[in-house]
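I have placed the structure first, in the form of structure tokens, so that the comments after it can refer back to it.
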Amino acid sequence: MIDRALVGHVGASVALVALTVWVSLAPRSAVAQTGDDLFDASVVHEVRLFMNTRDLAELRARFEENTHYPADLVWRGERVRNVAVRSRGLGSRNPIKLGLAVDFDYYTTGQRFLGLRGLVFDNLWQDPAMIREFLAMGLFNRMGQPAPRESFARLYINHAYQGVYAMVEDLDEEFLARTVGGRNGVLFEFKWLYPFFGDDLGDDLAAYKPIFEPRTRLHDPDASLWGPVRDLWQSVNDEDSVTWRPSVSRFVDLEQFVTQAAIENYLAENDGLLGYAGMDNFYLYRGEGATIHRFFPWDKDNAFLRADLPITHGIDSNRLMRRALEYEDLRARYFAVLAACAQMDLEEAWLATRLETAAALIVDFTHADPLKPFLNADFDRALDFMRAFARERATYVLDAVARQH
Amino acid sequence: MIRSAGILINGALCALAVLATAAFPASAQTGRNAGESPDRPGFQWTDHPTLILGPVAQVEVRARVQLDTHPTVTDADDERAGGLDLAKRRLGVAGVLLKIVEFEVDRELKDDDDPWRDVYVNLRLARPIQVQAGKFKLPFSLDENTSATNLNFIHRSMLGSYLSPGRDRGVMVHGRVLDGLRYEVGIFDHDGGHARTANPARVYGGRTPVARVRLSPFRSGARWRRTLQGGVAFTTSQVPEGVPGIRGRTVLDASFFSSRYWVQGTRRRYGTELRWQPGPFSIESEYIRVVTERRGVSVENTDLSSLVAEGWYVSGTWAVTGERKARGLERPRRPVSRGGLGAIEVAVRAESLGFSSAATGEAASSSPRAEVIVGNRDRAQTYGVNWHPHRWVKVQVNAVREALSNPALGPRPGHPVFWSRQLRLQLTL
């Protein structure tokens, strides 16, 4: 006589096996993906773009223009139809390994992919190590400063391998909703046209419009968009030391600015808020109905300049930073953030660990990258340079901060 | 200099028309004297100023000037309301040589880019077989092939203006066979001027065969049904890869669909038409469908569903002063010059013009290579009054109500429904 409990146990086992088989055989697309899956940095994603050959040829021929071309994007079997692709970048823009911006709702109103409105494919053209941007944005997020999420991707266009790219979350309403909780504010992308060190560009809004390009609320009137931006930089250049801080505080979150600048200097970023050629690679954000602005980091391909880059690098040339650090609390915050970065890095071997993880992920794909502008040996040497940076930077910064006291 | 010459020509045409209206009403109304030989050499002014060179040749001079008030479609138009535009100033000659060769040459003086309109000869071999060659309208669409002088409304129907082919260079065999059956079969260089824009990058059809058949089934029956006529027409052409020139514009010529969608392959036009003119009334209707293939233009170089443009209209008129529509209203029973009211006609037209892709189902997209495109449709009603105080003068007043399915693409984004109004003064010799 068969034991009923045994029958029940066998039945349950069979059901469990069947369930497991069913789940494993189910199409992947049946499992809901999220933006976090797309920016899962533990894998190198495979992304395929499909473009009409005529459009692709024109995109390469006119890579200096921002013309949009239609495409389909495929990731993990999910196809997003009718996306718009355009060439992007400044120094990295080229017709060989295209830097690409993908807009999901350019042609199809309201279309989102995993909650994203746009996605950037950074061609890593200016970074032989291929991981600067990834490490830098990771540190911002680690230190609690909102920054775009990133992961690596092998990009194929019409089945042709284009190499390793950094897949970067675009800064738009969806990014704002995720990071600061509101999508209705004004977001500007800073466009480097000439060295800008926080100068007063005068009363005419026309001077601010070309370098602060709105990415949200595009149809707002000029005075509403750029009026507070002008007021910001005019207040920064207020010579009166008594009124300076209250005046500037109406337009800038000084603590946030100092924090971001400190993290950038920990990263030895030479082309950011305190860049060698003026301010660059940042977004400026103002909440709905507010006058106060904050900054977001962008494009850190030029970070990790050298491990012994002075921690006060660029401070004196930037009008906002120089004046801000005249205030003891802000100065203290700046060095405290630097020290916090170094301390965390030292304790967790954060940079070194993340670097090795990323390098292991991409090394084979990078060696096979047919369009990168450097040799495999250059890539390997650049990784070694980054390893040395990771070993030395924290100690250097902690020593330098200590000397400030 | 050219502008001055244009003003001069305008003025001359207007003056000629007014002068003719005032000076020659009697002769114009009576025409040639009874018993007078039509071949007698000399100058006559019946329908048009005509030079007669005996049986060898007969040449008419034709002229038309149209003055329109500014249309009021956009907000900017509202600010200009009340002003006048010189819409057309057409000058031409037409005639017959040796009684079998007809010809016509028309030039639009207001158009510097493409001034020549009809330039053709027609060989009248026999009633069943005539051969026409030159530049003229493809035999497709009743409305498009109605002379602008005789239109029931200031503007042609939208399908006549944008879906019918319009003019091109070609050769056509046509004639009447049996009693009441007309045919027109031809081949043209391209698929007409309406498929082109000023933008040379826009593509249009290549060599275009066209066929049209019209039947008047009661031609020998009772008078009230004699004028009933129905017809069908067809064209086909090959369109090279590119963005097409066929576009959607409102009744008063404001854009509501500017195609950015790639096409390539065969373009086919299908048309049906119906006209009936019993006594002082008339009814007309047409339907046109233009299907353009999109071969190999997807993001993966595969085929997409065809681009479809479709339109129809139904219109009706009533000559309240009693003239017979089939004979035309340009000869009022009681012209103003004889103390009458002239001919007065009321007209109404309902029409629709829409653009879409053959495929549906997925989200519509404005991507130039989308399977399902973001289309648009304009549904319009036109209400008009036509006044012919004299055979050479016509005044038209139109009010147009239009409704767009996608107003964001139209002249007044945010306003799905809008009204327009316009007045036209037409002088014709």
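The values are calculated or read from the model by the stated rules, or taken from the named source; none is laboratory data. Note that the coordinates shown come from a computational prediction; the quantities given were computed from them, not determined experimentally. Cβ placement follows ideal geometry from the backbone for every residue including glycine, while neighbour counts extend to all protein chains displayed.
Computed values, structure above
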read-out	value
Among the candidates A:Asp122, A:Asp103, residue that is modelled with pLDDT of 95 or more, surrounded by 23 or more Cβ atoms within 10 Å (Cβ to Cβ) and either within 14 Å of another protein chain (Cβ to nearest Cβ) or touching a helix residue (DSSP H, G or I) at 6+ places or on another chain (Cβ under 8 Å) (or both)	A:Asp122
The range A:196-234 - residue that is touching a strand residue (DSSP E or B) at 6+ places or on another chain (Cβ under 8 Å), free of Cβ contacts under 8 Å to residues at least 40 places away in the same chain and closer than 22 Å to A:Asn281 by Cα and, of those, surrounded by the fewest Cβ atoms within 10 Å (Cβ to Cβ)	A:Glu213
Tally of residues being aliphatic (A, V, I, L, M) and within 22 Å of the chain's Cα centre (by Cα) across the range A:322-348	5
Selected residue (criterion: surrounded by the most Cβ atoms within 10 Å (Cβ to Cβ)) from residues of the range A:149-168 that are touching a helix residue (DSSP H, G or I) at 6+ places or on another chain (Cβ under 6 Å) and of a type outside the set (Gly, Ala, Ser)	A:Val164
Count - residues of the range A:131-162 that are more than 24 Å from A:Glu174 (Cα to Cα) and either within 14 Å of chain B (Cβ to nearest Cβ) or part of a helix (DSSP H, G or I) (or both)	6
Any chance A:Arg183 is within 30 Å of A:Trp350 (Cβ to Cβ) and either without any contact (Cβ under 8 Å) to a residue 12 or more places away in the chain or away from every other protein chain (no Cβ under 14 Å) (or both)	no
Check on B:Ser306, away from chain A (no Cβ under 14 Å), farther than 22 Å from B:Asp143 by Cα and at pLDDT 95 or above	yes
Failed condition for A:Met321, given (1) among the hydrophobic types (A, V, I, L, M, F, W, C); (2) closer than 24 Å to A:Glu133 by Cβ; (3) surrounded by fewer than 21 Cβ atoms within 10 Å (Cβ to Cβ)	(3)
Odd one out for A:Asp231 among (1) part of a loop (DSSP other than H, G, I, E, B); (2) farther than 25 Å from A:Asp299 by Cβ; (3) modelled with pLDDT of 95 or more	(1)
Single match in B:Asp113, B:Asp143 (criterion: buried (at least 16 other Cβ atoms within 10 Å of the Cβ) and of a type in the set (Asp, Glu))	B:Asp143
Matching option when the condition is out of contact with any helix residue (DSSP H, G or I) (no Cβ under 7 Å at 6 or more places or on another chain) and of a type outside the set (Lys, Arg), among A:Val186, A:Val180	A:Val180
Pairs where the first residue, in the range B:294-306, is within 13 Å of A:Asn158 (Cα to Cα) and the second is β-branched (Val, Ile, Thr), C-beta under 9 Å, 6+ apart	B:Asn301/A:Thr53
When residues of the range A:37-49 are limited to those that are within 20 Å of A:Arg117 (Cβ to Cβ) and in a loop (DSSP other than H, G, I, E, B), the one nearest to the other protein chains (Cβ to nearest Cβ)	A:Phe39
Where a residue in the range A:336-362 is assigned to a helix (DSSP H, G or I) and its partner, wherever it lies, is surrounded by 18 or more Cβ atoms within 10 Å (Cβ to Cβ) and hydroxyl-bearing (Ser, Thr, Tyr), with Cβ under 6 Å and at least six apart	A:Val337/A:Thr259; A:Leu338/A:Tyr266; A:Cys341/A:Tyr266
Filter pass, B:Val243 being of a type in the set (A, V, I, L, M) and within 14 Å of chain A (Cβ to nearest Cβ)	yes
Which numbered condition B:Val239 fails, given (1) β-branched (Val, Ile, Thr); (2) surrounded by fewer than 16 Cβ atoms within 10 Å (Cβ to Cβ); (3) under 22 Å from B:Arg294 (Cβ atoms)	(2)
Filtered residues of the range B:48-60 (kept if within 13 Å of B:Val93 (Cα to Cα) and either surrounded by fewer than 16 Cβ atoms within 10 Å (Cβ to Cβ) or touching a Cys at 6+ places or on another chain (Cβ under 8 Å) (or both))	B:Leu51
Which numbered condition A:Ala84 misses (of (1) of a type outside the set (D, E, K, R); (2) touching a residue at least 24 places away in the same chain (Cβ under 8 Å); (3) within 14 Å of chain B (Cβ to nearest Cβ))	(2)
Test result for B:Arg369, among the charged types (D, E, K, R) and not in a loop (DSSP other than H, G, I, E, B)	no
Single unsatisfied condition, B:Gln238 versus (1) in a strand (DSSP E or B); (2) touching a residue at least 40 places away in the same chain (Cβ under 8 Å)	(2)
Of all residues making up the range B:404-428, the number that are surrounded by fewer than 20 Cβ atoms within 10 Å (Cβ to Cβ) and in a loop (DSSP other than H, G, I, E, B)	7
Top-ranked residue in the range A:50-73 [being assigned to a helix (DSSP H, G or I) and touching a residue at least 40 places away in the same chain (Cβ under 8 Å); ranked as farthest from the other protein chains (Cβ to nearest Cβ)]	A:Leu56
Members of the range B:261-301 that are within 14 Å of chain A (Cβ to nearest Cβ) and in a strand (DSSP E or B)	B:Val263, B:Gln264, B:Arg294
Count of residues meeting criterion [over 22 Å from the mean Cα position of the chain (by Cα) and part of a loop (DSSP other than H, G, I, E, B)] in the range A:74-110	8
Residues of the range B:333-380 that turn out to be over 28 Å from the mean Cα position of the chain (by Cα) and within 14 Å of chain A (Cβ to nearest Cβ), as a count	15
Helices (runs of 4 or more DSSP H) enclosed by the range B:1-107 - at least 2 residues per element that are modelled with pLDDT under 55 and either of a type in the set (A, V, I, L, M, F, W, C) or under 30 Å from B:Pro413 (Cα atoms) (or both)	B:2-23, B:25-30
